[in-house]
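Worksheet for the structure shown next.
The values are calculated or read from the model by the stated rules, or taken from the named source; none is laboratory data. Here the structure is a predicted model, which means the values were calculated and not measured. So basically every Cβ, Gly included, is an ideal-geometry build from the backbone, and we count neighbours across all protein chains shown.
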Amino acid sequence: MSTMPDSAPRRSDFPTCKAIYCILPDDGTDKRVLVELRKKKGIVRAGSLTCRGIGALAEVKTKGGKLPEPDLAKQLCVICSEAQADQIFDFIFWFANIDKPVRGSMWQQPVMGCTPYELPADIPDEETGA
Amino acid sequence: MSEIIFLTDVAVITCIVDKERTDAVLLAARDVGARGAIVHTTQGWGTRERLGVWGVAVETEKDVINFMVSSDQQDLIFEAIYQAADLNAPGRGFMFITPVDRAATYVPEAVRQQLHVNTE
């Protein structure tokens with residue numbers, strides 16, 4: 001069953017949401033978070049992006065005042081309903097160990113409207129293949 | 001389980017510039033107190049293609065730079081980046097600030113104790 005309205009969509013059909021962004025180390029945490037969000041919270045409006053992370057800019061001293069070498073990082077973006085946002089934020093924080101050093105950071109932003117999204121039903125499960 | 005310390009009064013500055021200006025932007029932001037940045041590369045076109053010297057279609061790589069900054073610092077950092085990226089010149093790029101509801105990251109134990117936050 002589709003989550004899209006039958007008639008021509010209007011802006012008001014798409015409720016305000018929250019966007020949660022996480023900067024995570026490039027160690028596979030982003031994929032694990034995405035899998036857990038889908039399985040445990042039903043979140044599929046999410047994805048991750050490879051970035052160059054330049055942390056602690058102000059503290060690093062380098063020759064000639066140049067920038068420190070960047071680290072590879074992942075930027076995770078999760079869209080969820082306003083009602084879910086606090087719970088999802090906390091879930092990601094503890095799952096990704098954001099409270100530990102060098103584990104990244106995260107923030108939550110308002111989204112004025114977001115279309116629904118659903119995955120095709122016939123995609124085999126990545127682990128079981130079923 | 002310890003508590004999450006939520007940071008409020010935070011904003012995200014997003015700046016889209018040509019790749020060769022990225023380092024200048026990062027250095028300028030650092031000089032006025034930015035603590036970190038995330039950069040990713042994107043490739044594509046703007047609203048006009050024929051901006052090159054020869055008037056030919058230019059496909060260029062841009063960097064998208066995100067800074068999470070405190071609200072107190074946002075204007076200062078925004079202005080510094082604007083100058084460094086030379087954004088008042090046509091075709092150089094653009095930037096924007098978006099509000100943040102809350103943020104969280106690692107907070108050292110000493111700071112948690114100062115804030116009297118549960119550390120267990």
Collect the residues in the stretch A:94-104 that are under 18 Å from B:V100 (Cβ atoms) and either touching a Pro at 6+ places or on another chain (Cβ under 8 Å) or surrounded by fewer than 20 Cβ atoms within 10 Å (Cβ to Cβ) (or both), keeping them in residue-number order. A:G104
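In the stretch A:81-101, how many residues are more than 18 Å from A:S48 (Cβ to Cβ) and not in a helix (DSSP H, G or I)? It would help to see each step written out before you state the result.
Here is the first cut: in the stretch A:81-101, the residues more than 18 Å from A:S48 (Cβ to Cβ) are A:81-87, A:90, A:94, A:99-101.
The next check asks that each one be not in a helix (DSSP H, G or I); those that pass are A:81, A:99-101.
Number satisfying all stated conditions: 4.
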Among (1) part of a strand (DSSP E or B); (2) more than 9 Å from chain B (Cβ to nearest Cβ); (3) closer than 27 Å to B:A34 by Cα; (4) not basic (K, R) - the single one A:Q75 does not satisfy: (2)
Of everything in the stretch B:63-120 that's more than 10 Å from every other protein chain (Cβ to nearest Cβ) and aromatic (F, W, Y), which residue is surrounded by the fewest Cβ atoms within 10 Å (Cβ to Cβ)? B:F96
Tell me which residues, restricted to the stretch A:32-54, are surrounded by fewer than 17 Cβ atoms within 10 Å (Cβ to Cβ) and among the hydroxyl-bearing types (S, T, Y). A:T50
When the stretch A:5-29 is checked residue by residue, the ones that are surrounded by 12 or more Cβ atoms within 10 Å (Cβ to Cβ) and closer than 19 Å to A:A85 by Cβ are A:F14, A:P15, A:C17, A:K18, A:A19, A:I20, A:Y21, A:C22, A:I23, A:L24
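Condition first: at pLDDT below 90, over 12 Å from the mean Cα position of the chain (by Cα) and over 30 Å from A:R10 (Cβ atoms). Can you find one or more residues in the stretch A:71-93 that meet it? Lay out the reasoning, then the answer.
First pass over the stretch A:71-93, keeping only residues at pLDDT below 90: A:71.
Of the ones still in play, those that are also over 12 Å from the mean Cα position of the chain (by Cα) are A:71.
Of the ones still in play, those that are also over 30 Å from A:R10 (Cβ atoms) are A:71.
Within the stretch A:71-93, one or more residues are at pLDDT below 90, over 12 Å from the mean Cα position of the chain (by Cα) and over 30 Å from A:R10 (Cβ atoms).
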The residue from A:Q109, A:Q75 that alone is touching an Asp or Glu at 6+ places or on another chain (Cβ under 9 Å), within 17 Å of B:F6 (Cβ to Cβ) and surrounded by 14 or more Cβ atoms within 10 Å (Cβ to Cβ) is A:Q109
When you scan the stretch A:37-48, do you find a residue that is at the interface with chain B (Cβ under 8 Å from one of its Cβ atoms), within 16 Å of the chain's Cα centre (by Cα) and in a strand (DSSP E or B), even just one? no
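Can you pull out the residues in the stretch A:86-106 that are at the interface with chain B (Cβ under 8 Å from one of its Cβ atoms) and out of contact with any Ser or Thr (no Cβ under 9 Å at 6 or more places or on another chain)?
Step one: filter the stretch A:86-106 for residues at the interface with chain B (Cβ under 8 Å from one of its Cβ atoms), giving A:89-90, A:93-94, A:98-106.
Once the filter is applied, which keeps residues that are at the interface with chain B (Cβ under 8 Å from one of its Cβ atoms) and out of contact with any Ser or Thr (no Cβ under 9 Å at 6 or more places or on another chain), the stretch A:86-106 yields A:F89, A:D90, A:F93, A:W94, A:K100, A:P101, A:V102.
Somewhere in the stretch A:113-124, is a residue within 11 Å of another protein chain (Cβ to nearest Cβ) and surrounded by 13 or more Cβ atoms within 10 Å (Cβ to Cβ)?
Restricting attention to the stretch A:113-124, the residues satisfying the condition of being within 11 Å of another protein chain (Cβ to nearest Cβ) are none.
Taking every residue of the stretch A:113-124 in turn, none turns out to be within 11 Å of another protein chain (Cβ to nearest Cβ) and surrounded by 13 or more Cβ atoms within 10 Å (Cβ to Cβ).
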